[in-house]
Amino acid sequence: MKTTTARIGARIGIATAILAASLGLTGCIQSSAPLPNNGASDSPSLSPTATSPVGATPSATPARPKFTENCTTLLTAAQVYAYNPNYVVDSAYAPKPGSVPASIAAHGGQTCGWINETSGAEVEVAITTLPADQWAKAKAAASGGTPISSGGKTGYFAVTHGIGSAQLFFGAFWLDVSAADFATAADAETLYPVVVQNQLHAGG
């Protein structure tokens, strides 16, 4: 009887030892494994950063094309000779800063010059087309001068820094004929009507 009891006690002790060892091993395995996170990433996800397409550039408003007209259309060689044979085409011509021709050039216009080979004086012709609002502003700025007209086309004449300027406004055109020879509107009338008619015949 004692022997049987001893055997049962020994078996219970062995079983207890095995169970304890198993529990200890399981604890080690669990402690070394990562904690479950229900499928979530270990680090927070970052929102994608929006980028501009490669090579994309801001769209620019195209500039208004320059108005072009042949200088010999505005004033022919024969007409220049008839006005004064001392005048020839000035290949180095450029409008003087602050002048009416310079303003017309700044508005995309065509400018032309003829030089007096004796005195060095210039005859200048400048022309452009403008949108209605800018055309009205240019006309208003010139309106302090003496009123002039040619074939029903109206404008103004004024002398600034010794240069007489006849500005004509018709259609969308802003036309200027300037010369040191023009001391009065009557002086300018020998030339600006010719330029107006030339432009009208050219399709102006």
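The values are calculated or read from the model by the stated rules, or taken from the named source; none is laboratory data. Note that the structure is predicted; figures quoted are calculated from it, not measured. Because the Cβ atoms are built from the backbone with ideal geometry, glycine has one as well, and the counts that use them run over all protein chains shown.
For the criterion of being hydrophobic (A, V, I, L, M, F, W, C), in a helix (DSSP H, G or I), under 34 Å from the mean Cα position of the chain (by Cα) and at pLDDT 95 or above, residue 141 passes.
Within segment 175-189, is even one residue touching a Lys or Arg at 6+ places or on another chain (Cβ under 8 Å) and not in a loop (DSSP other than H, G, I, E, B)? Looking through segment 175-189, none of the residues is touching a Lys or Arg at 6+ places or on another chain (Cβ under 8 Å) and not in a loop (DSSP other than H, G, I, E, B).
Out of curiosity, is residue 148 in contact with a Phe, Trp or Tyr (Cβ under 6 Å, 6 or more places away or on another chain) and either not in a helix (DSSP H, G or I) or not hydroxyl-bearing (Ser, Thr, Tyr) (or both)? The answer is yes for residue 148. Against the conditions (1) buried (at least 19 other Cβ atoms within 10 Å of the Cβ); (2) of a type in the set (A, V, I, L, M); (3) more than 20 Å from residue 71 (Cα to Cα), residue 159 satisfies every one except (1). Apart from one condition, residue 116 fits all of (1) under 25 Å from the mean Cα position of the chain (by Cα); (2) under 23 Å from residue 162 (Cβ atoms); (3) not β-branched (Val, Ile, Thr); the exception is (1).
Do the conditions hold for residue 186, that is, is it out of contact with any helix residue (DSSP H, G or I) (no Cβ under 8 Å at 6 or more places or on another chain) and within 18 Å of residue 82 (Cβ to Cβ)? Judged against the criteria, residue 186 is a match. The condition (being closer than 25 Å to residue 106 by Cβ and surrounded by fewer than 19 Cβ atoms within 10 Å (Cβ to Cβ)) is satisfied by just one residue among 179, 188, 172: 172.
Select from segment 120-141 the residues that are touching a residue at least 40 places away in the same chain (Cβ under 8 Å) and either among the aliphatic types (A, V, I, L, M) or more than 15 Å from residue 107 (Cα to Cα) (or both) and list them in ascending order. 121, 122, 123, 124, 125, 126, 127, 130, 132, listed by residue number.
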